[in-house]
Amino acid sequence: MTSKASATSPAKQLVLRVNGLTKAYRRRRLGWRSHEVIVAARNVVFEIGAGETLALVGRSGSGKSTVARCVAGLEKPDAGQISVSGAMIGELGGCDLRALRANFQMIFQDPGTSMNPRFTAAEVVAEPLVIQRIGDRSTRRARSLELMQEVGLAPSFADRKAAEFSGGQQQRLAIARALALKPKLLVLDEALSGLDLSTEAQIVNLLLDLQAAHSFAYLFISHDLALVARLADRIAFMAHGEIVEEGSIPSILEQPEHPEVRVLLASARTAQSTLAALGFAP
Amino acid sequence: MDPACESVVVVSNLSVTYQPEGGQPVHALDYATLAVQPGERVGIFGESGSGKSTLASAIMRLLPANAHYGSGSVQFQERNMLALSETELRRIRGAKIALIPQDPAQALNPVITIGDQISEVLRAHCRMTPDERRTRIEELLAEVGFDHPERIYGTYPHELSGGQRQRVVIAQAVACRPSLILADEPTSKLDASLQGEVLSLMRRLSEHHGIAFVLISHDPTVLAVFADRIAVMYAGRIVEEGSKEDTFRRPLHPYTQALISLSGRYLISGSRGTRLSAIEGEPPNLTTVERGCAFAPRCPDRMQTCSESYPRQTTRQTAHRVSCFKYDE
Amino acid sequence: MKRAAHRALRVVLLLFGVSILCFLFTEMAPGSFFDEMRLNPQISPETVSALRARYGLDQPLVVRYGRWLTSVARGDLGFSVAYNVPVAPLLWTRALNTLLLTTTVMVLTWLLGVSLGVWSAAYRGHWFDRIVATASSLLISIPEIVIALGLLAIAIRWRAIPIGGMMSLDHDELSAWAKVTDVARHLLLPTAILVFAGVAIVIRHVRASVVEVLDAPHVRASRSLGIGRVRLLFRHVLPVAANPAISLFGFSIASLLSGSLLVEVATGWPGLGPLLLEATLSRDLYLVIGGIIFSALFLVAGNLAADLLLIAFDPRVRKGTLHAD
């Protein structure tokens, strides 16, 4: 693995630290043969500081979603340490983990399936507060409205059912919900795919604004290089469960080293040149 | 392409309305007009709510039960699609017109082998012995890029990767050598790296067999690589239409211009933190019938007449058509 | 291999458990076979004790269980004090009769249920679907005994089919073909009752899962490829919708021996049901236990069949899908 100019400056506070993360899945087959073991992530190491965005890029099956889920506490790694704001979360489960969950939240790819469609918008956003038993009804509602405003949803939408919102609006709700516990880290797993161009633009702008205001650390999983270039400070390429190259965006784009990364960038370049030839400009 | 040939499909002033239960009617298509020549590759550029998927379904008469055809017609190879019976339609679907759906993971039957699934298409439309079918299927699988067709024949969809599944779907679509293929966002669920491969495969098949394509996408990269002609849709209408060069380089309609400036986002540039430009306003409300242009509320160049009536279609040089009052003489 | 061995072990343990429970419960239940005899002044207490000793019923529970186990290992299920014959052959004959009835019922129920379920789903909302839905609701809400009595009443009025029993009085004198038709005619009534009672749930299950699959993207894709309606339903939709139905089918197999008790008693069909009922009422110990073990065996076999069917029909189950540990 090559790393270029990627060390976080010591002045920045380290929010997420992943060391030696390894996770394997088993495929149980019926019959005489033994289980098939597929190593989804192997010895993954990276760090993210406050206000920074690291993008995890790779093909499907490269392990990026597995890493995201482990960091978000949705799966337990087989080996390795994950620490968020100094607290080790890799080994924890259940109640211990719940207390620490305020520090990191995840935004999923399909907002429609990540929230209860029968909940009202206010209920969706207040759910983390309910689970962590923070405040009472009125304070929770006030906080919901505050959060909705912050993500650009009018308070008049508060009592609409989640199912009635558009995809982009639902993703805003998901972001508002994620902000409820004042996390330090947001894991965005393909959170922008499937959105319209204009909606996507609005959400990207929202994410940039929020990061500037609150110094969130973002772990951004995507296979869209153009989006990554706009949102991320550094990029880590994954292939076959390992990080094969990591560095800042400009340096990687100019001088990719690993063959897989080169192939990825080359295929992106052909599409780019077609677009540029037609007069598209960034 | 023989200029004397008739069009493969002509959609004229087609209107389609959905009637959801207990809700307002949604006007998905509103006097949409489109003509596709044999072997031509047309790209439909639009966002969600533009009616692009409805257009594809409408051409194949595959709309859900609560959809209602209003005015207009769909002519496929001189036959009026709206007048055909279900039996006649079944003979056309899959054989003369095929659909490549969006999500390859969902488009294949999970409990039937790949070989059998392609075989189903052949059985439905071609008279062949089982051996002939088998040979043909292996030919098709090789044509779409599988190195070992015999091995793929007996596998199930969940054993294949996303890119492989999309190839199988394409193999199904071309199995009976259709004249027209409708592809609805065929690469949006695939990795960016696979996009190029799938698009060049489809282009190769189109050129080789003279298959006309209508490819629907919101991603200009896809259209730039694949299509020859672009039609831009907004709120159920085609607002601009022209060659790829004309439409992308010299967009006429304000919506097209806005989309193209938004599409700069698809270019990789190292400008971290720059905000993306967005079109102001909300997507069009399809439950109301506008008298004027649906884009008017969001249009930077709107005039008084824009909300009063719908602009006629004007044609500039080289078959570049646009419906906008700015160009109405 | 390990899994199959685990399964087999579980089955054996289950049967052990069932047999122990049987012995315990019959021991705890009041009365014994000989109570009636004891009340009869014509039979001396010594005769009763002698009889008890002969059948080994005066031994302690554990000894009796042990002796029963050893004889089961030899294939001997004990002796029926009421019928005065060994238990195993008696059970077997009656079980065959029950199986004849229930297998016929199962075939008919499922053929009818699957077809009606699939067509209802395909034509949901139309009058056909509504009629079938209403009829199934009615049938599900009417208790089996009421259906039985209702059909019995009709059969008695109608006088076209024999009521009660499995064979006519002159069965042995009939030709081979006539024997078959004779049994078939006697089968009509109990079969009709059981089919009416059981088909509704199959229809509803099948309809529900087919409706769900009909909206799936791959079905739309198949329609767009011009696949014909019937083929689409039975080759493309049904296999995907089959899983819940297959589980239900497995349970049907499990209840092959036990589900028809009421109807057998009501129509006088000489099956396992009436036998076990009488045996329980008269405390015919080994017959009761033998019958229960038989049923338990069938139940287990049925569950196993359900699992195997699922494996055979769903490649996703067969080939396994990825999951974390």
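State all residues of the stretch C:224-249 that are within 11 Å of chain B (Cβ to nearest Cβ), without any contact (Cβ under 8 Å) to a residue 60 or more places away in the chain and either of a type in the set (S, T, N, Q) or in contact with a His (Cβ under 9 Å, 6 or more places away or on another chain) (or both); if no residue qualifies, say none.
C:Ser224, C:Leu225, C:Gly226, C:Ile227, C:His236, C:Val240 - these are the residues of the stretch C:224-249 that are within 11 Å of chain B (Cβ to nearest Cβ), without any contact (Cβ under 8 Å) to a residue 60 or more places away in the chain and either of a type in the set (S, T, N, Q) or in contact with a His (Cβ under 9 Å, 6 or more places away or on another chain) (or both).
Which residues, taken from the stretch A:240-254, are without any contact (Cβ under 8 Å) to a residue 12 or more places away in the chain and more than 7 Å from chain B (Cβ to nearest Cβ)?
Correct list: A:Glu254 only.
For the stretch C:160-173, indicate whether the set of residues that are under 19 Å from the mean Cα position of the chain (by Cα), more than 14 Å from every other protein chain (Cβ to nearest Cβ) and surrounded by 13 or more Cβ atoms within 10 Å (Cβ to Cβ) is non-empty.
yes
Limited to the stretch B:93-117, what total is found for residues that are more than 21 Å from B:Tyr153 (Cα to Cα) and in contact with a Gly (Cβ under 7 Å, 6 or more places away or on another chain)?
Looking only at that region, the number is 2.
What's the total number of residues in the stretch A:147-163 that are free of Cβ contacts under 8 Å to residues at least 24 places away in the same chain, touching a helix residue (DSSP H, G or I) at 6+ places or on another chain (Cβ under 9 Å) and part of a helix (DSSP H, G or I)? Let's see the steps before the verdict.
The first filter runs over the stretch A:147-163 and keeps only residues free of Cβ contacts under 8 Å to residues at least 24 places away in the same chain, leaving A:149, A:154-156.
The next check asks that each one be touching a helix residue (DSSP H, G or I) at 6+ places or on another chain (Cβ under 9 Å); those that pass are A:149, A:154-155.
Right, trim to part of a helix (DSSP H, G or I) and you get A:149, A:155.
Number of matching residues: 2.
Can you tell me which of A:Arg133, A:Arg137, A:Arg177, A:Arg143 is of a type in the set (Lys, Arg), without any contact (Cβ under 8 Å) to a residue 60 or more places away in the chain and crowded, with 16+ Cβ neighbours inside 10 Å?
After applying the criteria, what remains is A:Arg143.
When the stretch B:61-92 is examined, which residues are found to be within 13 Å of chain C (Cβ to nearest Cβ) and assigned to a helix (DSSP H, G or I)? Working first, answer last.
Going through the stretch B:61-92, the residues within 13 Å of chain C (Cβ to nearest Cβ) turn out to be B:61-66, B:84-92.
Of everything in the stretch B:61-92, those that are within 13 Å of chain C (Cβ to nearest Cβ) and assigned to a helix (DSSP H, G or I) turn out to be B:Glu86, B:Thr87, B:Glu88, B:Leu89, B:Arg90, B:Arg91, B:Ile92.
I'd like the full set of residues that are charged (D, E, K, R) and at the interface with chain C (Cβ under 10 Å from one of its Cβ atoms), limited to the stretch B:105-150.
Scanning the stretch B:105-150 gives B:Asp116, B:Glu120, B:Arg123.
Would you check if A:Leu219 is farther than 27 Å from B:Phe45 by Cβ, in the same structural domain as A:Ile249 (by TED's automatic domain parsing) and in contact with a Phe, Trp or Tyr (Cβ under 9 Å, 6 or more places away or on another chain)?
On the way: farther than 27 Å from B:Phe45 by Cβ: yes; in the same structural domain as A:Ile249 (by TED's automatic domain parsing): yes; in contact with a Phe, Trp or Tyr (Cβ under 9 Å, 6 or more places away or on another chain): yes.
Here the answer is yes, as A:Leu219 does meet what is asked.
When the residues of the stretch C:143-155 are narrowed to those that are under 14 Å from C:Gly198 (Cβ atoms) and surrounded by 15 or more Cβ atoms within 10 Å (Cβ to Cβ), which ends up farthest from the chain's Cα centre (by Cα)?
Residue satisfying both the conditions and the ranking: C:Leu151.
Looking at C:Val230, C:Val180 in this structure, which one is in a helix (DSSP H, G or I), within 23 Å of C:Arg124 (Cβ to Cβ) and assigned by TED's automatic domain parsing to the domain that holds C:Val118?
Being in a helix (DSSP H, G or I), within 23 Å of C:Arg124 (Cβ to Cβ) and assigned by TED's automatic domain parsing to the domain that holds C:Val118 holds for just one of C:Val230, C:Val180, which is C:Val230.
Whether any residue in the stretch B:299-310 is more than 9 Å from chain A (Cβ to nearest Cβ), within 30 Å of A:Leu225 (Cα to Cα) and at pLDDT 80 or above is what I want to check. Walk me through it before giving the result.
Looking only at the stretch B:299-310, we keep the residues that are more than 9 Å from chain A (Cβ to nearest Cβ), and these are B:299-310.
Next, only the ones that are within 30 Å of A:Leu225 (Cα to Cα) stay: none.
No; the residues of the stretch B:299-310 include none that is more than 9 Å from chain A (Cβ to nearest Cβ), within 30 Å of A:Leu225 (Cα to Cα) and at pLDDT 80 or above.
Within the stretch C:3-37, which residues are more than 30 Å from the chain's Cα centre (by Cα) and more than 27 Å from C:Gly66 (Cβ to Cβ)?
C:Glu36
Return only the number of the condition from (1) within 29 Å of A:Glu47 (Cβ to Cβ); (2) over 21 Å from the mean Cα position of the chain (by Cα); (3) more than 7 Å from chain B (Cβ to nearest Cβ) that A:Ile235 does not satisfy.
(2)
Of all residues in the stretch B:260-275, which are surrounded by fewer than 20 Cβ atoms within 10 Å (Cβ to Cβ) and charged (D, E, K, R)?
Correct list: B:Arg272, B:Arg275.
Please verify whether the stretch B:276-293 includes one or more residues that are surrounded by fewer than 17 Cβ atoms within 10 Å (Cβ to Cβ), of a type in the set (A, V, I, L, M, F, W, C), in the same structural domain as B:Tyr18 (by TED's automatic domain parsing) and touching a residue at least 12 places away in the same chain (Cβ under 8 Å).
Looking through the stretch B:276-293, at least one residue is surrounded by fewer than 17 Cβ atoms within 10 Å (Cβ to Cβ), of a type in the set (A, V, I, L, M, F, W, C), in the same structural domain as B:Tyr18 (by TED's automatic domain parsing) and touching a residue at least 12 places away in the same chain (Cβ under 8 Å).
Would you point out the residue of the stretch A:255-273, among those that are in a helix (DSSP H, G or I) and surrounded by 19 or more Cβ atoms within 10 Å (Cβ to Cβ), that is farthest from the other protein chains (Cβ to nearest Cβ)?
Ranking the qualifying residues of the stretch A:255-273, first place goes to A:Val261.
Quick check on my filter: what residues within the stretch B:139-158 are crowded, with 20+ Cβ neighbours inside 10 Å and within 14 Å of B:Leu201 (Cα to Cα)?
Those that are crowded, with 20+ Cβ neighbours inside 10 Å and within 14 Å of B:Leu201 (Cα to Cα): B:Leu140, B:Leu141, B:Val144, B:Phe146.
Does B:Ala95 satisfy the condition of being more than 15 Å from the chain's Cα centre (by Cα), within 10 Å of chain C (Cβ to nearest Cβ) and surrounded by fewer than 16 Cβ atoms within 10 Å (Cβ to Cβ)? Walk me through how you get there before you give the answer.
On the way: more than 15 Å from the chain's Cα centre (by Cα): yes; within 10 Å of chain C (Cβ to nearest Cβ): yes; surrounded by fewer than 16 Cβ atoms within 10 Å (Cβ to Cβ): no.
So B:Ala95 fails the test.
The values are calculated or read from the model by the stated rules, or taken from the named source; none is laboratory data. Note that the structure is predicted; figures quoted are calculated from it, not measured. Backbone-built Cβ (ideal geometry, glycine too); neighbour counts: all protein chains shown.
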